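The values are calculated or read from the model by the stated rules, or taken from the named source; none is laboratory data. From a predicted model like this one, the values you see are computed outputs, not experimental measurements. FYI the Cβ positions are ideal-geometry reconstructions off the backbone, even for glycines, and counts take in every protein chain you see.
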Amino acid sequence: MRRFDYDENDDYREDVDRFFSEAEIDPETYAEMQEWQNFEDLYNEEIINEIKMQVVSRDFNYKILRTSIKLAEKNFWWNFLSVKTQMNHISTIYKTLTQLEMNTETFKNIDMTRENGQI
């Protein structure tokens with residue numbers, strides 16, 4: 001692989017110098033750069049909480065998927081099934097576990113409201 005030598009290569013020296021120099025930037029471009037550097041919106045708590053919820057939801061879905069695959073693999077006939085049938089089994093188990101978890105969360109919420117005396 002050819003290496004670039006700054007001292008021996010006069011053809012590109014001007015381009016390299018211009019790239020690394022602090023060239024003047026027109027005011028419009030500078031204003032756009034300042035907008036991109038302003039990260040106040042990232043620290044907005046609503047955005048951070050939304051991102052956290054997305055991460056938790058994704059991790060939860062991965063956990064349910066892994067559990068579904070492990071349960072499906074415990075079937076004696078698993079190795080003899082076609083890939084399509086295996087995928088159908090995994091999908092069915094995943095949907096069942098998701099519904100079961102949603103029902104569990106609903107029951108927890110009902111219990112919490114009963115404890116608080118709202119029902």
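A few notes on this one:
One line per residue, one yes/no per condition, for (1) surrounded by 10 or more Cβ atoms within 10 Å (Cβ to Cβ); (2) not hydroxyl-bearing (S, T, Y); (3) not in a loop (DSSP other than H, G, I, E, B):
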| site | (1), (2), (3) |
| --- | --- |
| T67 | yes, no, yes |
| L71 | yes, yes, yes |
| N75 | yes, yes, no |
| T85 | yes, no, yes |
| H89 | yes, yes, yes |
| T92 | yes, no, yes |
| Q99 | yes, yes, yes |
| T106 | yes, no, yes |
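- Restricting attention to region 52-65, the residues that are at pLDDT 90 or above, loosely packed, with under 12 Cβ neighbours inside 10 Å and either in contact with an Asp or Glu (Cβ under 9 Å, 6 or more places away or on another chain) or closer than 18 Å to Q99 by Cβ (or both) add up to 1.
- Residue check for N49: modelled with pLDDT under 85, in a helix (DSSP H, G or I) and either under 19 Å from Q99 (Cβ atoms) or not small (G, A, S) (or both): yes
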